[in-house]
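Enquirer: What follows is a structure written as structure tokens; I'll ask about it next.
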Amino acid sequence: MVHLLPSRSTLLILVVVEAVCLLVVMLGQQVTVLNLCSQDTHQHTDSATLPWPTVYVITPTYRRASQLADMTRVSQTLMHIRNLHWIVVEDAEMRSQVVSELLERSGLPFTHLCATTPPQHKNQKSMGKGVFNRREGLRWLRENAMDGVLYFADDDNSYDIRLFEQIRTTKKASVFPVGMILKLGVSSPIVRNSKVVAFHDSFQAGRKFAVDMAGFAVNLRVIHANPNATIPLRLSYLEDGFLRQLRLELDDLEPLASGCTQVLVWHTKTQKASSPNMKHVTHTDFDTNLVELYHNLLR
Ligand code: UDP
Ligand code: MN
């Protein structure tokens, strides 16, 4: 009988083990509570209730065989970004149903506009692409938005969604590398001691800001402080002209993408494709899907 009773030392061990267990349980609860707290905080910082500056993206687009493919890709990239307003400006007399439906499908806050090139500038070889529709986007922005950040996103580039979070906090103007540009295969600000000192770009040509349209973002305060600044007409000088008119200096430029050591946007170009033509649907196809397929393609 005596042997069945725990000895004093066994009792001590049991008490210690129990205490440790209790501590572990309490700690466990504590950890859980802490986890819940940090999760709450995390969810809170993530929520749209915080005053995130809005990113306004202006996309010039026009009818070409790759338009719907390009625009689908951009829209489905932008769909990942919170607090973003997409301004799509068609280079056309009228807004198209194809683009309008794509914008509705995206669920994004958007503005759908159009603008054409005035006749006197049509077919001018020295004129940049997408000038008048970008200008129309700027006009809308000046009239309708006070704060936020502007970014020009062509319809056929490829964007890493991390870029949009980085440009959101642009104070004046931010700059970053763009992949797949001309001979060098990249266009990038040159950064020394965290300051932009020049541009690594194969087309210098007297440009103060040798950047691509996809390589910078501007705070709307700068846009409003320079109400007449616009996109110039001259081919290859659109970015430089615009940034100069915004009275920016190299010192104002904030290098993003880890001090311009990463590429978060690429100047991809969709391969030129043939436009489908109804003449390729013959009378033997009249009772097949091809009739409706081509009808959809040619809208
Ligand atoms: N663009 C336009 N009208 C045109 C040609 C181009 O609105 O007549 C747009 C086009 O959709 C794109 C941007 O302007 O968003 C730049 O055009 P593109 O991609 O053809 O130029 P590249 O990539 O060759 O510089
Ligand atoms: Mn392009």
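Enquirer: Of the residues 284, 288, 230, which is polar (S, T, N, Q) and either in contact (Cβ under 8 Å) with a residue 60 or more places away in the chain or closer than 30 Å to residue 55 by Cα (or both)? Break it down stepwise before answering.
Expert: Numbers: 284 fails: either in contact (Cβ under 8 Å) with a residue 60 or more places away in the chain or closer than 30 Å to residue 55 by Cα (or both); 288 fails: either in contact (Cβ under 8 Å) with a residue 60 or more places away in the chain or closer than 30 Å to residue 55 by Cα (or both).
One residue alone meets the criteria, 230.
Enquirer: To continue, here is another question. So residue 203 ticks every box in (1) within 16 Å of ligand 2 (Cβ to nearest atom); (2) under 22 Å from the mean Cα position of the chain (by Cα) but one. Which box is left unticked?
Expert: Going through the list (1) within 16 Å of ligand 2 (Cβ to nearest atom); (2) under 22 Å from the mean Cα position of the chain (by Cα), residue 203 breaks only (2).
Enquirer: Further question: Sort out which residues of region 281-294 are loosely packed, with under 10 Cβ neighbours inside 10 Å and part of a helix (DSSP H, G or I), and write them in order of number. Outline the logic, then answer.
Expert: In the first step, residues of region 281-294 are kept if they are loosely packed, with under 10 Cβ neighbours inside 10 Å; the result is 282-284, 286-287, 289, 292.
Scanning region 281-294 gives 283, 284, 289, 292.
Enquirer: Given (1) surrounded by 23 or more Cβ atoms within 10 Å (Cβ to Cβ); (2) within 20 Å of residue 128 (Cβ to Cβ); (3) of a type outside the set (Phe, Trp, Tyr), identify the lone condition not met by residue 213.
Expert: (1)
Enquirer: Now for a separate question. Looking at region 154-176, can you tell me whether even one residue there is over 19 Å from the mean Cα position of the chain (by Cα) and under 28 Å from residue 67 (Cβ atoms)? So that I can check it myself, show each step before the final result.
Expert: Let us first name the residues in region 154-176 that are over 19 Å from the mean Cα position of the chain (by Cα), namely none.
Looking for residues that are over 19 Å from the mean Cα position of the chain (by Cα) and under 28 Å from residue 67 (Cβ atoms), one finds none in region 154-176, hence no.
Enquirer: Looking at region 70-92, which of the residues that are under 23 Å from residue 142 (Cβ atoms) and in a loop (DSSP other than H, G, I, E, B) is nearest to the chain's Cα centre (by Cα)?
Expert: Ranking the qualifying residues of region 70-92, first place goes to 81.
Enquirer: For the subset of region 169-210 comprising residues that are out of contact with any strand residue (DSSP E or B) (no Cβ under 7 Å at 6 or more places or on another chain) and among the charged types (D, E, K, R), which member is modelled with the lowest pLDDT?
Expert: Filtering first and then ranking leaves 183.
Enquirer: Considering region 223-241 alone, what residues qualify as being crowded, with 19+ Cβ neighbours inside 10 Å and within 16 Å of ligand 2 (Cβ to nearest atom)?
Expert: 231, 238, 239
Enquirer: Say we look at region 84-103 and pick out the residues that are among the aliphatic types (A, V, I, L, M) and under 13 Å from residue 117 (Cα atoms); which of these is farthest from ligand 1 (Cβ to nearest atom)? Don't jump to the end; show me each part of the working.
Expert: Taking region 84-103 and keeping what is among the aliphatic types (A, V, I, L, M), we get 84, 87-89, 92, 94, 98-99, 102-103.
With under 13 Å from residue 117 (Cα atoms) added as a condition, the list becomes 89, 92, 94.
Details: 89: 8, 92: 9, 94: 14 Å.
Filtering region 84-103 for residues that are among the aliphatic types (A, V, I, L, M) and under 13 Å from residue 117 (Cα atoms), the one farthest from ligand 1 (Cβ to nearest atom) comes out as 94.
Enquirer: Among the residues of region 100-141 satisfying the criterion of being modelled with pLDDT under 95 and among the polar types (S, T, N, Q), which is farthest from ligand 2 (Cβ to nearest atom)?
Expert: 120
Enquirer: Moving on to the next point. Scanning for something in a loop (DSSP other than H, G, I, E, B), of a type outside the set (Phe, Trp, Tyr) and over 13 Å from the mean Cα position of the chain (by Cα), does region 129-144 turn up at least one residue?
Expert: Our first condition is that a residue be in a loop (DSSP other than H, G, I, E, B); within region 129-144, this holds for 129-130.
Keeping just the survivors that are of a type outside the set (Phe, Trp, Tyr) gives 129-130.
The next check asks that each one be over 13 Å from the mean Cα position of the chain (by Cα); those that pass are 129-130.
Yes, region 129-144 contains at least one residue that is in a loop (DSSP other than H, G, I, E, B), of a type outside the set (Phe, Trp, Tyr) and over 13 Å from the mean Cα position of the chain (by Cα).
Enquirer: Scan region 242-262 residue by residue and report those that are of a type in the set (A, V, I, L, M) and either outside any loop (DSSP other than H, G, I, E, B) or within 16 Å of ligand 2 (Cβ to nearest atom) (or both). Step through it out loud before you land on a result.
Expert: The first filter runs over region 242-262 and keeps only residues of a type in the set (A, V, I, L, M), leaving 243, 246, 248, 250, 253, 256-257.
Within region 242-262, 243, 250, 253, 257 qualify.
Enquirer: Here is a follow-up. Tell me which of these residue 86 doesn't satisfy, since it passes every other one: (1) in contact with a Leu (Cβ under 8 Å, 6 or more places away or on another chain); (2) under 22 Å from residue 296 (Cβ atoms).
Expert: Tallying (1) in contact with a Leu (Cβ under 8 Å, 6 or more places away or on another chain); (2) under 22 Å from residue 296 (Cβ atoms), residue 86 fails exactly one: (2).
Enquirer: If you go through region 270-279 one residue at a time, how many are over 20 Å from residue 102 (Cβ atoms) and either surrounded by 10 or more Cβ atoms within 10 Å (Cβ to Cβ) or acidic (Asp, Glu) (or both)? Break it down stepwise before answering.
Expert: Of region 270-279, the ones over 20 Å from residue 102 (Cβ atoms) are 271-272, 274, 277-279.
Going one step further and asking which of them are either surrounded by 10 or more Cβ atoms within 10 Å (Cβ to Cβ) or acidic (Asp, Glu) (or both), we end up with 277-278.
Count: 2.
Enquirer: I need the full set of residues from region 156-180 which are part of a loop (DSSP other than H, G, I, E, B), within 16 Å of ligand 2 (Cβ to nearest atom) and crowded, with 23+ Cβ neighbours inside 10 Å, in order please.
Expert: Of all residues in region 156-180, those part of a loop (DSSP other than H, G, I, E, B) come to 156-157, 160-161, 168-172, 176-177, 180.
Cutting the leftovers down to within 16 Å of ligand 2 (Cβ to nearest atom) gives us 156-157, 180.
Selection gives 157 alone.
Enquirer: Only one of 123, 193, 144 is within 12 Å of ligand 1 (Cβ to nearest atom) and either surrounded by fewer than 19 Cβ atoms within 10 Å (Cβ to Cβ) or within 23 Å of residue 63 (Cβ to Cβ) (or both). Can you tell me which?
Expert: 123
The values are calculated or read from the model by the stated rules, or taken from the named source; none is laboratory data. This structure is a prediction, so every number in the text was calculated from the model and none was measured. A quick note on method: Cβ atoms are made from the backbone with ideal geometry, for glycine too, and the neighbour counts reach across all protein chains shown.
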